[in-house]
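Student: Quick one: the structure is below, and I'll ask about it shortly.
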Amino acid sequence: ISDLIKVSLTLKKLDLSFNELKSEGVKNICNAIITSNHSLEQLYLNGNKCNDYCAEDIFNLLINSNSTKLKLLSLSSNFFSNKGVDKILSSLRKNHSLKYLSLSENKIDSKAFINLANYLQFNKTLKILEMKSSRINDKSLDSIIKIFWNNYSLEKINLYDNNLDFENIIKFGQYTSKSECLNEINLMNNKTIKEQQRLLTSSNSHLIFAN
């Protein structure tokens, strides 16, 4: 597959999800794109049992000048830890092409996103960030809120299936409702109960709590 990537001049979308490539396979894919491919726009590597061993290669992919057309990267359902995810997210300081990034359902918790606001402060292109099932709790909410103080590109953030309670979701809504670009936050399957969901939905139309 890496050899085919190197000789392709027209490949725009590559979906290798759930193929058990593991870290070594992902490293080969990233290096092939960096060295020879200038056309790829979408890369899906979900569920490949890869971990922090290839985080550096993904970082290099996202900051490399040959990868300037890459607009979508999905790394859901893998084994990245907080350290690996932080390394990947740090690429957003220099990346100016990526519009969609998914890090959902990895082996991470709130600590993975402590530095996210600092990274996104320098990013003007990322529009959609997926953080489903990332064990984000109330203690890390302030770090997540800081994202919106200096970032003016994010349009959608997915926090489905995390550990935010009602009081902090209200706080979150108050901050994010002032954003001029943000139009959707998915907070389904957090700690809120149905009556509280209806109350919040009526006052913050951009927050999603149920189908």
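The values are calculated or read from the model by the stated rules, or taken from the named source; none is laboratory data. Keep in mind that this is a model prediction, so the values were computed, not measured. When we count neighbours, we look across all protein chains shown, and the Cβ atoms used for this are built from the backbone with ideal geometry, even at glycine. Side chains included, ligands, DNA and RNA excluded: accessible areas come from the protein's heavy atoms. Shrake-Rupley method; radii C 1.70, N 1.55, O 1.52, S 1.80 Å.
Student: Set the bar at 28 Å for Cα to Cα. Now go through LYS6/LYS83; LYS12/LYS146; LYS13/LYS139; LYS22/LYS171; LYS22/LYS99; LYS49/LYS69 and name every pair that lies beyond it.
Tutor: Numbers: LYS6/LYS83 30 Å; LYS12/LYS146 34 Å; LYS13/LYS139 38 Å; LYS22/LYS171 39 Å; LYS22/LYS99 25 Å; LYS49/LYS69 26 Å.
Exceeds cut-off: LYS6/LYS83; LYS12/LYS146; LYS13/LYS139; LYS22/LYS171.
Student: Per the 1.4 Å probe, what fraction of the accessible area of the stretch 4-116, in percent, lies on carbon and sulfur atoms? Could the numbers behind the result be given before it?
Tutor: Numbers: 2550 of 5090 Å².
On the stretch 4-116, the fraction of accessible area on carbon and sulfur atoms equals 50 percent.
Student: Considering the zone a paramagnetic label at TYR152 would reach in this model (a point 7 Å from Cα along the Cα-to-Cβ line), which residues of the stretch 110-138 have amide N under 13 Å from it?
Tutor: Residues 122-125 fall inside that zone.
Student: To continue, here is another question. To the nearest Å, what is the center-to-center distance of the stretch 26-42 and the stretch 74-105, using C-alpha atoms only?
Tutor: 16
Student: Quick check for you: with a 1.4 Å probe and neighbouring chains kept, what is the accessible area per residue of the chain, in Å²?
Tutor: Numbers: 10350 Å² over 211 residues.
Counting only protein heavy atoms, the per-residue value for the chain is 49 Å².
Student: If you don't mind, there's one more thing I want to ask. Semi-axes of the equivalent ellipsoid for the stretch 42-96, please: Cα gyration tensor eigenvalues, times 5, square-rooted, ordered largest first, whole Å. Before the final figure, lay out each step's value.
Tutor: On the way: eigenvalues 66, 34, 14 Å².
For the stretch 42-96, the ellipsoid semi-axes come out as 18, 13, 8 Å.
Student: Moving to a separate point now. To test your reading of the geometry: what angle, between 0 and 90 degrees and rounded to tens, separates the Cα axis of helix 194-203 from the longest principal axis of the chain?
Tutor: Once rounded, one gets 80 degrees.
Student: When the convex hull of the Cα atoms of the chain is projected onto a plane and the area is averaged over all directions, what value comes out in nm²? Spell out each step's value before the answer.
Tutor: Numbers: hull surface 43.4 nm².
One quarter of the hull surface, i.e. the mean projection, equals 10.8 nm².
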